[in-house]
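Notes follow once the structure below has been shown.
The values are calculated or read from the model by the stated rules, or taken from the named source; none is laboratory data. What you see is a predicted model; the values in this text were computed from it and never measured. Positions of Cβ are generated from backbone atoms using ideal geometry, with glycine treated the same way; all protein chains shown enter the neighbour counts.
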Amino acid sequence: MKKNIRILDIALKAGVSIGTVDRVLHKRGEVSDETRERILKIIEDSDYRPNLLASSLASKKIITLASLTPKASGKDSFWAKPQEGINKAVEELHPYGIRLHPYHFKMEDAASFKREALKLLESSPDGILLAPWGKRESLELTQILDQQSIPYVFIDSNLEEANPISFIVQDSVQSGFLAAKLIDYGIAAKSNILMIHITKDLQNANHLLQREAGFLNYFETISHKGHRIIKMEVSADDMIRANSLNTSIVKVDVIDAVFVTNSKVHLVSRFFDSSETRPKIIGYDLIPKNIDLLELGKIDFLLNQNPEKQGYIAINLLFDQLIRKEKVKKNNFTPIDIITKENISYYKTI
């Protein structure tokens, strides 16, 4: 009775019909207390597990998921990568009735997030994949999801104040700590280190703040070489339109190392093209512009977040929760891959 037990086997052992066992399993219909207890005891003793995948195929029930992520600026941009993983998972799970309604908001545009969140709620999804880019707006949404008992999974960043069934992220504090360690290896004592947040609203970008915390923690607790940490916060538009660095920090100081806390490190690298000595530069993510500069030696390190994997795992976790009825692991951290020009070719083929 321990292996491959069927509803028929339970019915025969209990001396009842298959329909009676089915009513007990699905908690519907009239069944006497004595019969119910007898069937439940047999189920417990035999370690019966219903074939939920087969049941979902037979019932032809549609499970509607929704995703809310930043709009990708192009097929080679960072936010195109999680979508690739999401699409792959949905395609694989399509036979089991999984469908997806994707919604995309403009980064650093709170109004855009709220509009797309409202559309998402109106679609009444069974589960949600969410990139909580703006902390304030994301918490407003998750409070509603909690009230409506809609399960949701985070990718890219986690919010401690929220209650996702799971999150798939890189450990932002640890990655910032690692970035500091890599930089510290390559510079002399009392160096000038520029830390740049390329964002409009840093206080609402939780994962960037966590990377900063890890970065600063390294120099406060491990390295005591007297480095000067210079912090900048600038929008991507300002970086593109004007020589923000040339007109401020770079002309005033000799910069020995640069840490960019997101994938826009390529916007910073070009400002040092005319410098006699280039600083050590580290940033995030394997997007083509970053890869090109890494191969040219204009970026020293990229920390890879495995964004495709995050999207893929998130959809599968929602599937496990909604179809398999399994309790999913809440904390899922992706590796912190250190990418250099010497090993980038192995990652480009993945």
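What number of residues within the range 66-81 satisfy the criterion of being over 10 Å from D156 (Cβ atoms) and either touching a Phe, Trp or Tyr at 6+ places or on another chain (Cβ under 6 Å) or not in a loop (DSSP other than H, G, I, E, B) (or both)?
Number satisfying all stated conditions: 6.
Please tell me if I222 is farther than 16 Å from G134 by Cβ, of a type outside the set (S, T, N, Q) and crowded, with 16+ Cβ neighbours inside 10 Å. No. Answer yes or no as to whether S123 is small (G, A, S), surrounded by fewer than 23 Cβ atoms within 10 Å (Cβ to Cβ) and within 12 Å of the chain's Cα centre (by Cα). Against the criterion (small (G, A, S), surrounded by fewer than 23 Cβ atoms within 10 Å (Cβ to Cβ) and within 12 Å of the chain's Cα centre (by Cα)), S123 does not qualify.
Would you point out which residue out of L178, L159, L139 is under 25 Å from L100 (Cβ atoms) and modelled with pLDDT of 95 or more? It would help to see each step written out before you state the result.
Numbers: L178 fails: under 25 Å from L100 (Cβ atoms); L159 fails: modelled with pLDDT of 95 or more.
Step by step, each of L178, L159, L139 is checked, and only L139 is under 25 Å from L100 (Cβ atoms) and modelled with pLDDT of 95 or more.
Those residues that are out of contact with any Phe, Trp or Tyr (no Cβ under 8 Å at 6 or more places or on another chain) and not in a helix (DSSP H, G or I), I need them from the range 128-181; list them, please. Residues satisfying the conditions are Q148, S149, I150, P151, Y152, L159, E160, E161, N163.
For the range 115-136, give me each residue that is under 26 Å from N262 (Cβ atoms) and in contact (Cβ under 8 Å) with a residue 24 or more places away in the chain. Spell out how you get there, then give the answer.
Going through the range 115-136, the residues under 26 Å from N262 (Cβ atoms) turn out to be 115-117, 120, 128-136.
E116, A117, L120, I128, L129, L130, A131, P132, W133, G134, K135, R136 - these are the residues of the range 115-136 that are under 26 Å from N262 (Cβ atoms) and in contact (Cβ under 8 Å) with a residue 24 or more places away in the chain.
Restricting the range 101-120 to residues that are closer than 20 Å to F78 by Cα and among the aliphatic types (A, V, I, L, M) leaves a set whose member that is farthest from the chain's Cα centre (by Cα) is A110.
Output yes when any residue across the range 204-212 is in contact with a Phe, Trp or Tyr (Cβ under 7 Å, 6 or more places away or on another chain), modelled with pLDDT of 90 or more, closer than 19 Å to F301 by Cα and not in a strand (DSSP E or B), and no when none is. Looking for residues that are in contact with a Phe, Trp or Tyr (Cβ under 7 Å, 6 or more places away or on another chain), modelled with pLDDT of 90 or more, closer than 19 Å to F301 by Cα and not in a strand (DSSP E or B), one finds none in the range 204-212, hence no. Look at (1) at pLDDT 95 or above; (2) touching a Lys or Arg at 6+ places or on another chain (Cβ under 9 Å) and you find that Y152 fails only one, number (2).
Evaluation of Y284 against the conditions (1) at pLDDT 95 or above; (2) hydroxyl-bearing (S, T, Y); (3) closer than 30 Å to S149 by Cα shows that the sole unmet condition is (3). For beta carbons closer than 9 Å, sequence separation of 6+ or different chains, a first residue in the range 266-281 that is closer than 12 Å to G186 by Cβ and a second that is of a type in the set (F, W, Y) and exposed (fewer than 11 other Cβ atoms within 10 Å of the Cβ), the qualifying pairs are K280/Y185. Among the residues of the range 314-350, the ones that are more than 30 Å from I165 (Cβ to Cβ) and modelled with pLDDT of 90 or more come to 8 in all. Closer than 28 Å to E326 by Cα and assigned by TED's automatic domain parsing to the domain that holds G311: is that true of L118 in this structure? Spelling it out, it is not the case that L118 is closer than 28 Å to E326 by Cα and assigned by TED's automatic domain parsing to the domain that holds G311. Looking across the range 23-35, the residues that are exposed (fewer than 15 other Cβ atoms within 10 Å of the Cβ) and over 42 Å from the mean Cα position of the chain (by Cα) come down to G29, E30, S32, D33, E34.
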